[in-house]
Amino acid sequence: MNYQTINMAGDASTTPADPYRQAPDVSSIRSANDDGEPRFETESLSPKIQRRQSSEIFAQSFTIRSLLVGILIGALITFSNTYFGLQTGWISTMAMPSALIGFSVFKVFSKYLAYPFTPIENVLIQTVAGAVGTMPLGCGFVGVIPALEFLLKDGEDGPSGDGGTGEGGPLKLGFGKLVLWSLGVCLFGVVFAVPLRKEVIVREKLKFPSGTASALMLKVLHGGGWRSEKTGVQSGGAGGAQRFREEHEAPLLSQPPEENGDLLAKDDSGELAKEREDWKSKMRLLVGAFAVSGVYTLFSYFVPQVRDIPLLGLYLARNWLWTLNPSPAYVGQGIIMGPSTCMHMLFGAVLGWGVLSPLAKARGWAPGPVDSWDDGSKAWIVWISLAIMLADSIVSLGWLVIRPLLSYAPQVKDKLLLSRIGRRIFPEATTSRPHQHSYVSYSALSPITEESSYQSRLFPSRESHPKTSHYDDEDAPPSQLISTRTVLILLPLTLILNVVCMHIVFGDVMSPVLSSLATLLAVLLSIMGVRALGETDLNPVSGISKLTQLIFSLATPASHFSRRTALVTNLLAGAVSESGALQAGDMMQDLKTGHLLGASPKAQFYGQMIGSLIGAVLSTAVYKMYVSVYEIPGPMFQTPTAYVWIFTARLVTGQGLPPMAWQASLIAGLIFVGVTILRIVAASPLANGGRRGVTAPWRDWIPGGIAVAVGIFNVPSFTLARVIGGLIAWWWSRRHAAATAAHQDLAPPTDAAGTPDEDRTAASGSWAADDRNPRLSGTASEQASKDADAASSTVVVLASGLILGEGIISIVNLLLASGKVPHL
């Protein structure tokens, strides 16, 4: 990707035009690489002009108006995430809704703007809003902090094995201490993400699907994506690859139509009118969904019984908690999660609440009331969910570590065979293959990403080893990047800040040495989170935190620490790792969006830092508001994630489990080790005929460990609502697929020659060019892409409105509850 300044069409003056509002002069494009990759001439511009244009790009990427709007949107998301987090442990970065709402705000006030609202400003809004809105999870206010404040057992503390069960009682953490803790833990992950950007985004080009989808949505909203006829229309597979690269790796909005006659200007008034109407319909859908969800939220305050509808009968509702919470927000969550994940959660609910809970009750393993966290089956099945979650996390994270090493296995094998010892042990191996290296046995497990695999087939290297092209190393100019000096200064400072803040707040329980160890471990494990997010769009923060708790139990053996010290230390270590992985992943997802749109990484970085600091203070205040008004844990906010945290800490620190919980957890864990391995195989070339970037269809039928665990530790009322959302998403997908198939059936026949099918399947996303046929109409391909974008964005808008409606109107319910307004 070339962020460098370019010769501007239609501007012959020495004053450079806005590089994100002017189109490149296509006459200045020449082939720079052996594979025909075009680049723009930059040699003719003086360093002074290049620095000036870079400063203009930064100024456009970082504006006060976008910063303030991002903070405002992030504040609303903070309330929403705190509300849902305390209920079920679920939060969302809300990246696409943030970008959409930001766009809508500036669209409404467009007549009053001093200068046009740009897509790179929209990127800043998304970045800041996500940084502010994710702090309830990043600072532990939906899990660790409630566990420390409410779930530590009363009674005298003592060493493990003394026969006691007391843990010294809950910690008392005031607002000031919580703010200090939040400020310490909210920054280091953001800084550590900076050096990872060059590797995972620029060189490896990991997908980061949500970041790419956000960039695509912003392209559509701002009317971008026009390309030059000279550079965008080519024949054969190479033309298709060029279009694919332009869609994924070139700045998506660098070529507006009005600046050059060679560009494919959108001059059709009917098409423009259709796009405006599409945007208006999406806004009506967002507002309508928000209103419906908000009305339900207010109604549920005055009639709380609506949250527990006995859908399957009064017997199951009263005795086994099988009710339905018809919350539009949880339906929206199900839409976002998708049908596969929701079905896996339903499987977990049936397993936990339909099989294991009655079994534990009948056998006397959980003799108390079903909904008791002390001796009821609700607490007993949490251990099963915890074992499943740990099994899934360990296997998945272990694969993330092992998989990159497999790419070096062929070279290591050859070196061993050609060594003196290898020739003695395997003489036939060196004589039978003197000049060729077969990597077939490892190819199915190669960690090559979809994009690199797709491009390497279309542009094979002329040499025997992979060639690093000029394109692979292109990035923003140094003036737009965060300098190495800045990282070398800020990273140690933020790490030290975290240790100091932890010592001030928890120094009577946790030593600085252990705080430092937890912080360094968090930095290392955040690399796993970033890679998993880039490849799968899932940041395994819960798995990383549980793995940290498991590892940290070795540093705090129960024989050397009291129960209280071991538990608190273990919880805090896990919280630091979760926060680091969350921040790094969130930063990288936004950087991917900015990379595709040509935004300044420096502007995004400072926006993320400011958003994190504001979010740390705001999320503390919001959390304190909720815990001061509502009973925590209680009927409204059961804080199941807090129980998972404290149960994990008790497990790894050697405290006792309920009867038969150990045996049942061990069996469940072993089963899901095998299940998770099977899911990994289904997503590898081994199960897909050697094709990379393809997932076997039967993988959706293999339950995912995390989804099953969530279905077990959440009461069925939330899961059933999410299943409804998943079914809506499935219906919407089938409806769009049928419409697309009907449209393709009506398309004129074309020549069947072209690139093999596997090349096309490797190109992810509905916007990838279909290059199987060199005669395929570009207009038809563009229309299919637009239809897919419209369908996916519409359902996301619907879900976002449902989630934000309840999350934001819950502020009104909070005020009503604090005022003791009567209800049924």
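Can you pick out the pairs among Lys207/Lys378; Lys205/Lys546; Lys172/Lys198; Lys111/Lys219 whose Cα atoms lie more than 31 Å from each other?
Exceeds cut-off: Lys207/Lys378; Lys172/Lys198.
Around Leu324, which amide H atoms from residues at least 5 apart in sequence, or from another chain, sit under 5 Å from its own amide H, with H modelled in the peptide plane?
Ile309, Leu311
List residues of the range 705-739, by number, whose backbone nitrogen lies under 14 Å from a label position 7 Å along Cα→C-beta of Leu311.
In the range 705-739, the label zone of Leu311 (backbone N under 14 Å from the point 7 Å along Cα→Cβ) covers 715-729.
Per 0.36 nm of contour for each residue apart, how much would the distance between Ile504 and Trp662 grow if the chain were fully extended, relative to their Cα-Cα spacing?
On the way: separation 158, 0.36 × 158 = 56.88 nm, distance 3.70 nm.
Separation in residues times 0.36 nm, less the Cα-Cα distance, equals 53.2 nm.
At a Förster radius of 60 Å, what calculated FRET efficiency corresponds to the Cβ-Cβ distance of Asp375 and Arg403, to the nearest 0.05?
On the way: r = 43 Å, r/R0 = 0.72.
Efficiency at R0 = 60 Å is approximately 0.90.
Where does each of 61-68, 657-664 land if you order them by average Cβ count within 10 Å, highest first?
Listed from highest to lowest mean packing, they are 61-68, 657-664.
Would you mind computing, in nm to one decimal, how far apart the modelled labels at Leu686 and Phe109 are, each placed 7 Å from Cα along Cα→Cβ?
5.6 nm
Assuming R0 = 56 Å, what is the FRET efficiency of His823 and Arg203, from their Cβ-Cβ distance, to the nearest 0.05?
0.45
Sorting check: for 597-607, 111-121, which peptide has the highest mean count of neighbouring beta carbons within 10 Å, and how do the rest follow?
Final packing ranking: 597-607, 111-121.
I want the local charge near Gly102. Using Cβ-Cβ distances under 11 Å, sum +1 for each Lys or Arg and -1 for each Asp or Glu among the other residues.
Combined, the nearby Lys, Arg, Asp and Glu give +1.
Which order do the peptides 308-317, 487-496, 673-682 come out in when sorted by mean C-beta neighbours inside 10 angstrom, highest first?
Ranked from most to least packed, the peptides come out as 673-682, 487-496, 308-317.
Which of rounded, prolate, oblate describes the range 511-588, given a ≥ b ≥ c as roots of the alpha-carbon gyration tensor eigenvalues and a/c under 1.5 marking rounded, otherwise prolate only if a/b is larger than b/c?
Here the range 511-588 falls in the prolate category.
Assuming R0 = 51 Å, can you tell me the calculated FRET efficiency for the pair Phe175 and Leu359, based on Cβ-Cβ distance, to the nearest 0.05?
Values: r = 44 Å, r/R0 = 0.87.
That gives a FRET efficiency of 0.70.
Here, each number is a calculation from the coordinates, and none is a lab measurement. This is a predicted model, so every value here is computed, not measured. For neighbour counting, all protein chains shown are included, and Cβ atoms are generated from backbone atoms with ideal geometry for every residue, glycine included.
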